[in-house]
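A short worksheet on the structure shown next.
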Amino acid sequence: EHIANQIAAGEVVERPASVVKELVENAMDAGSTVIEVSVEEGGLHSIRVTDNGSGIEPDDCETAFYRHATSKISQGRDLFQITSLGFRGEALPSIAAVSKVTLTTSSNTDGRGRRIVIEGGQLKVNEDTAAPRGTDFIVKELFYNTPARLKYMKTIQTELGHISDYMYRLALSRADIAFTVRHNGNVLLQTMGGGDTRNVIAAIYGTGTAKAMLPIEAEDMDYRISGFISRPDWTRANRNAMSFIVNGRYIRSYALTQAVLRGYHTMLPINRYPLMVMKLDMHPSLVDVNVHPSKLEVRFSKEAELTALIQEAVQKVLMQEVL
Ligand code: ADP
Ligand code: MG
């Protein structure tokens, strides 16, 4: 069990940003409307995620750290019906195996909650405590007991870069949630909630950029596309400013990126890229999110149809702008 957790940790927890991603996705799954992330020293020293979501029942707190205890997959076909971001029950046990975790949570509004401390997979504290409704995770000294892994960590700036990149995408995927991200006490990102993606774009890239975004919309029998793409005169020098959100989940996709670029480059030079946020909604059976433990990559069952729709939608928006 212990070894299994450390092995799983290697897959799920690659670096501080993976911890941030898993904790924030859990907070999103818990129906939170306010999520605060505070990291110290690029997350290598500590990572804290606080939410106002459902909280965890006192008796469920310890089991949340057991591998697959909470897996939401009960039958093979369930994989195609996943609507929550998490579903493997792998993240918390993996994180707890390679760090020192303090969980404080309450699932009610009368101030009663539970506090758990786990270090290197060992339960140290499990006690009643006063807590507001919601959940607070503090993860300290990531990889303290796996020196080989620790050695591979890059500079604080690099690790922080990965964290802010994830947080930007997660904030873009959920404009209805108010996110705050701090590094060593300094605010890196603050969004207001309220549901307007343009406001999130403004918070990340500035109001000028937000104003230079064109709405993009398309639809066929299987897919609904909505989002924003930058005006032709507002291009980027790199392709990382494209975000795809599939059924509310931020994903990476080579095929979809290529589809956007095919549409984009029929109108614009090939060394320029758009800033883009594209939301794609489809029946869960059309997308398989279970390709990799970190769930960043997905598989589409009608990929050719989807990429054609995307390319056409991008071309159409730019065409209207250029004409
Ligand atoms: P998964 O997200 O795949 O179910 P995790 O290991 O990430 O597995 O989390 C285990 C369980 O702990 C979740 O299924 C959820 O029930 C509970 N949990 C974790 N974080 C939170 C949170 N912030 N708020 C409420 N419940 C949480
Ligand atoms: Mg999870």
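Nothing in this text is a laboratory measurement; each read-out follows from the coordinates by a stated rule. Owing to the predicted nature of the structure, the values given are computational and were not obtained by experimental measurement. Cβ: placed from backbone, ideal geometry, glycine included. Neighbour counts: every protein chain shown.
Using the Cβ-Cβ distance between residue 301 and residue 270 with R0 = 45 Å, the FRET efficiency computed as 1/(1 + (r/R0)^6) comes to roughly 0.90.
Counting only Cβ charges, +1 for Lys and Arg and -1 for Asp and Glu, the dipole size of the chain around its Cα centre is about 840 debye. With contributions of -39500 (n - 2.57) from each DSSP H run of at least four residues, the per-residue ellipticity at 222 nm computed over the chain stands at -9500 deg cm²/dmol.
Put a dot 7 Å past the Cα of residue 217, heading toward its Cβ, do the same for residue 254, and the two dots end up 3.4 nm apart.
With N counted as the residues of the chain, its alpha-carbon radius of gyration over 2.2 N^0.38 Å works out to 1.03.
Cα-based radius of gyration for the range 140-197, normalised by 2.2 N^0.38 Å, reads 1.41. For the range 203-224, backbone nitrogen atoms closer than 14 Å to the point 7 Å from residue 312 Cα along Cα-to-C-beta are found at 217-224. Computed from Cα positions, the angle between helix 2-12 and the longest principal axis of the chain comes to roughly 20 degrees.
Note on the chain: GNM, Cα springs under 10 Å; of 130, 17, 175, the largest mean-square fluctuation is that of 130.
Considered as an equivalent ellipsoid built on the Cα gyration tensor, the range 213-323 has semi-axes of 23, 15, 11 Å, the largest given first.
If you run the Gaussian network model on the chain, springs between alpha carbon atoms under 10 Å, then out of 195, 42, 185 the most flexible one is 185. For the pair residue 186 and residue 321 in one chain, pulling the backbone fully straight at 0.36 nm per residue adds 44.7 nm over the alpha carbon distance.
At 37 °C and a viscosity of 0.692 mPa s, what translational diffusion coefficient does Stokes-Einstein give for the range 166-220, taking Rh as the Kirkwood radius over Cα pairs? Give it in µm²/s as a whole number. Walk me through the numbers before you get to the answer.
Working: Rh = 11.8 Å.
Calculated translational D: 277 µm²/s.
Taking chymotrypsin sites (Phe, Trp or Tyr not before Pro) as exposed when DSSP calls them loop and at most 15 other C-beta atoms lie within 10 angstrom, the chain has its longest site-free stretch at 153-323.
When the Gaussian network model of the chain links Cα atoms closer than 10 Å, the mean-square fluctuations of 90, 119, 41 top out at 41.
Considered as an equivalent ellipsoid built on the Cα gyration tensor, the range 154-280 has semi-axes of 24, 17, 15 Å, the largest given first. Label separation (residue 41 vs residue 150): 0.9 nm, computed from points 7 Å beyond Cα along the C-beta direction. Model label sites at residue 176 and residue 290, defined 7 Å from Cα along the beta-carbon direction, differ in position by 2.7 nm.
Over all projection directions, the Cα-based convex hull of the range 234-281 averages an area of 3.3 nm². Kirkwood's formula applied to the C-alpha pairs of the range 98-207 gives a hydrodynamic radius of 16.4 angstrom.
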